[in-house]
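The values are calculated or read from the model by the stated rules, or taken from the named source; none is laboratory data. It should be emphasised that the depicted structure is a prediction, and the values quoted were computed from it without experimental measurement. For neighbour counting, all protein chains shown are included, and Cβ atoms are generated from backbone atoms with ideal geometry for every residue, glycine included.
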């Protein structure tokens, strides 16, 4: 079990060496439609990476970060492919891996 953020628990059949990661995605503006952004992020998840949840985290002055929980095999490159994919999504200002842990 991995509890990366705000009580979000991830339970699943684990493969030896799976890694859970929490990724903070900052929208480019406070006016970005977070529902659409969540859909766009979900649509670009690379093969081999499992999306386990997207939570909203208020930052300041109406800006809300999206905290994305993923599970990926413990392989070279780890989260790089999803970081790159998320960074290419319209209305994404930045992508930052906040936490990583073995399952």
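Would you say residue 94 is touching a strand residue (DSSP E or B) at 6+ places or on another chain (Cβ under 9 Å) and closer than 13 Å to residue 26 by Cβ?
Values: touching a strand residue (DSSP E or B) at 6+ places or on another chain (Cβ under 9 Å): yes; closer than 13 Å to residue 26 by Cβ: yes.
The answer is yes for residue 94.
Inside region 45-55, can you point out the residues that are in a strand (DSSP E or B) and in contact with a helix residue (DSSP H, G or I) (Cβ under 7 Å, 6 or more places away or on another chain)?
Keep residues of region 45-55 that are in a strand (DSSP E or B), which gives 49-55.
Once the filter is applied, which keeps residues that are in a strand (DSSP E or B) and in contact with a helix residue (DSSP H, G or I) (Cβ under 7 Å, 6 or more places away or on another chain), region 45-55 yields 49, 51, 54.
Just one of (1) modelled with pLDDT of 90 or more; (2) within 17 Å of residue 99 (Cβ to Cβ) trips up residue 8, so point out which.
Answer for residue 8: the failing condition is (1).
Does at least one position in region 71-83 carry a residue that is farther than 17 Å from residue 17 by Cα, surrounded by 12 or more Cβ atoms within 10 Å (Cβ to Cβ) and in contact with a helix residue (DSSP H, G or I) (Cβ under 8 Å, 6 or more places away or on another chain)?
The answer is no; no qualifying residue exists.
Within region 64-73, identify whether any single residue is modelled with pLDDT under 95 and touching a strand residue (DSSP E or B) at 6+ places or on another chain (Cβ under 8 Å), and answer yes or no.
Narrowing region 64-73 to residues modelled with pLDDT under 95: 72-73.
Narrowing further to those that are touching a strand residue (DSSP E or B) at 6+ places or on another chain (Cβ under 8 Å): 72-73.
Looking through region 64-73, at least one residue is modelled with pLDDT under 95 and touching a strand residue (DSSP E or B) at 6+ places or on another chain (Cβ under 8 Å).
Mind checking whether some residue in region 22-44 is crowded, with 17+ Cβ neighbours inside 10 Å, in a strand (DSSP E or B) and modelled with pLDDT under 95?
No; the residues of region 22-44 include none that is crowded, with 17+ Cβ neighbours inside 10 Å, in a strand (DSSP E or B) and modelled with pLDDT under 95.
Of all residues being surrounded by 15 or more Cβ atoms within 10 Å (Cβ to Cβ) and touching a helix residue (DSSP H, G or I) at 6+ places or on another chain (Cβ under 9 Å) in region 56-70, which is nearest to residue 19 (Cα to Cα)? Just the residue, please.
Once the filter is applied, the top-ranked residue is 70.
With the requirement that a residue be under 17 Å from residue 26 (Cβ atoms), more than 9 Å from the chain's Cα centre (by Cα) and not in a loop (DSSP other than H, G, I, E, B), what does region 56-83 give you?
Within region 56-83, 56, 57, 58, 59, 60, 63, 64, 65 qualify.
Out of (1) in contact with a strand residue (DSSP E or B) (Cβ under 6 Å, 6 or more places away or on another chain); (2) over 14 Å from residue 27 (Cβ atoms); (3) not in a strand (DSSP E or B), the odd one out for residue 86 is which?
Unmet condition: (2).
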